[in-house]
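Reviewing the structure listed below.
The values are calculated or read from the model by the stated rules, or taken from the named source; none is laboratory data. Since we're looking at a predicted model, the values are computed, not measured. FYI the Cβ positions are ideal-geometry reconstructions off the backbone, even for glycines, and counts take in every protein chain you see. When the accessible area is computed, the model is the full protein with side chains, heavy atoms only, and any ligands, DNA or RNA have been set aside. Shrake-Rupley method; radii C 1.70, N 1.55, O 1.52, S 1.80 Å.
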Amino acid sequence: MNILVIGTGYVGTTTALVFAEIGWNVTGLDVDLPKIKLLQQGKLHFYEPGLEDLLNKHLGTKRIRFTADKKKAIEDNEMIFICVGTPSLPDGSADLRYVKQVSEDIGRHMNGDKLIINKSTVPVGTQELITAWTRDAQMVPYPFEVASNPEFLREGKACMDALQPDRIIIGTNSENAAKRIGKLYESMQCPIIVTAPRTAEFTKYAANAFLATKISFINELARLSDRLGVNVKEVAYGIGLDNRIGPSFLQAGIGYGGSCFPKDVAALLNMAEHNEVELKLLEKVVHVNQTQHMYLLRKVREQIGNLAGKKIALLGLAFKPDTDDIREAPAIHMIPKLRNEKAYVQAYDPIAALPPELMDESVNFGSSPEETMEGADAAIICTEWPMFLNIDWVQVKDSMKAPNLFDGRNLLDADQMKRIGFFYQGIGYG
Ligand code: UGA
């Protein structure tokens, strides 16, 4: 089967390569020529474990090709996936401009029957909009169908998630479309759910909102755990063994970030507002998340006092390990606050870079975790990179001005760090 994937970001590139891996012939289309050129040379424009190997493998098998030629790509393929970004607008709603542009492109260049499948995370009702935008742009009224097929992969684990998904959701009212999309995924060992397009679109938001809720739930309990002298990691383990609760997404820390949870929860709240429904629980989920890194900064102030003139080491900038993505990362939200309080910030991340607009004479990037913490009044772990477990903490303790260690991801062993001589505090732990 020939498939066109429009958009070569995280979701588009992974989708394209996973379809190639399971045997289909795939074309990746993007308007961003430098990105296409890189992909054609076997290079990714973002960091994702295993994906570059898959890219080179299928450039070799010739089951994947990349192009910026919209017209030809649309003409040559009957099944077209939309995988473009839907960033947040200032009111929290999803910006559908790229989805609209792509729908119009497909309509304009349509030369026969097409099945359009949307994977971008979009507000409920967008399948109907894509249908209208495509139809309005058609030169000739060829028949076409539009289905929804939300994606649930995680950054950092994109290949595994896309190759071994927990479920596949197909949103369509057409038996024919369901059959054709089902065929694409028939080699995958997971339930395939066929439902109405609106339900499929909503399921995507519901999944992310629920996971965000789990995180804010444990983060809020972590704050109380601190007061009560309770170890929240053990509480999470204790409740997670209950099958009805499950162990995942109960890791307390300085909050969730990334390009999905903050954006999708905001979009869901926006949809609710437009429909005059209150989602109070989700509003609080956002509030807990937005204040969670400040909660850690409060702990720092309580220990070392006024931050003016103090050197603070930040370990980890990415919103989670195994990615170079810093979008909505707690560390990135912390830096301007530390700067406002006249602290000196030295940050380190094994992959992610400090954005130039955050760098000045008071904010620097260190060359190693050890160097970053040298002479610091406090160090804060913002991302649970496994490499931080292998640091020689005994040596680091001696090199710091004051051995204050704040573990925003509850990564290290509290007892061990205290034995070494650190003042150690995690979140609801230590
Ligand atoms: C998330 C979802 O997990 C995917 O299923 C979904 O497809 C994706 O959004 C999307 O909508 O595209 P992702 O943003 O890549 O994936 O990252 P997650 O692994 O979900 O982590 C999100 C944030 O939550 C990270 O900042 C992480 O540190 C934080 N987190 C996660 C916690 O603070 N505690 C936890 O227990 C788990």
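What the table below lists for this structure:
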{"quantity": "Residue match in segment 199-217 (condition: within 10 Å of the ligand (Cβ to nearest atom) and on the phi > 0 side of the Ramachandran plot)", "calculated": "no"}
{"quantity": "Matching helices (runs of 4 or more DSSP H) fully within segment 161-261 where at least 1 residues are open to solvent by 80 Å² or more (accessible area, probe 1.4 Å) and under 25 Å from VAL84 (Cα atoms)", "calculated": "175-184, 197-228"}
{"quantity": "Criterion violated by LEU129 - all others in (1) open to solvent by less than 20 Å² (accessible area, probe 1.4 Å); (2) away from the ligand (no atom under 16 Å from the Cβ); (3) free of Cβ contacts under 8 Å to residues at least 60 places away in the same chain; (4) aliphatic (A, V, I, L, M) satisfied", "calculated": "(1)"}
{"quantity": "Qualifying residue in segment 145-159 (condition: under 23 Å from the mean Cα position of the chain (by Cα), at pLDDT 95 or above, open to solvent by 70 Å² or more (accessible area, probe 1.4 Å) and away from the ligand (no atom under 11 Å from the Cβ))", "calculated": "no"}
{"quantity": "Test: residue in segment 328-339 that is under 21 Å from TRP393 (Cβ atoms), in a loop (DSSP other than H, G, I, E, B), among the charged types (D, E, K, R) and under 21 Å from the mean Cα position of the chain (by Cα)", "calculated": "no"}
{"quantity": "Residue check, PRO355 open to solvent by less than 40 Å² (accessible area, probe 1.4 Å) and either β-branched (Val, Ile, Thr) or under 26 Å from the mean Cα position of the chain (by Cα) (or both)", "calculated": "yes"}
{"quantity": "Boolean, ARG301 is in a loop (DSSP other than H, G, I, E, B) and either within 16 Å of ASN410 (Cβ to Cβ) or open to solvent by 30 Å² or more (accessible area, probe 1.4 Å) (or both)", "calculated": "no"}
{"quantity": "Index of the failed condition, ASP407 passing every other in (1) open to solvent by less than 10 Å² (accessible area, probe 1.4 Å); (2) free of Cβ contacts under 8 Å to residues at least 60 places away in the same chain; (3) within 16 Å of the ligand (Cβ to nearest atom); (4) within 24 Å of PHE46 (Cβ to Cβ)", "calculated": "(4)"}
{"quantity": "Positions within segment 256-306 being on the phi > 0 side of the Ramachandran plot and away from the ligand (no atom under 13 Å from the Cβ), in sequence order", "calculated": "GLU276, GLY305"}
{"quantity": "Subset of segment 305-331 [of a type in the set (Val, Ile, Thr) and open to solvent by 30 Å² or more (accessible area, probe 1.4 Å)]", "calculated": "ILE326"}
{"quantity": "Residue ID - nearest to GLN346 (Cα to Cα), chosen from residues in segment 376-403 that are touching a residue at least 40 places away in the same chain (Cβ under 8 Å) and open to solvent by 40 Å² or more (accessible area, probe 1.4 Å)", "calculated": "LYS401"}
{"quantity": "All helices (runs of 4 or more DSSP H) inside segment 1-111 with 1 or more residues being within 16 Å of the ligand (Cβ to nearest atom), touching a residue at least 24 places away in the same chain (Cβ under 8 Å) and under 29 Å from VAL140 (Cα atoms)", "calculated": "10-21, 97-109"}
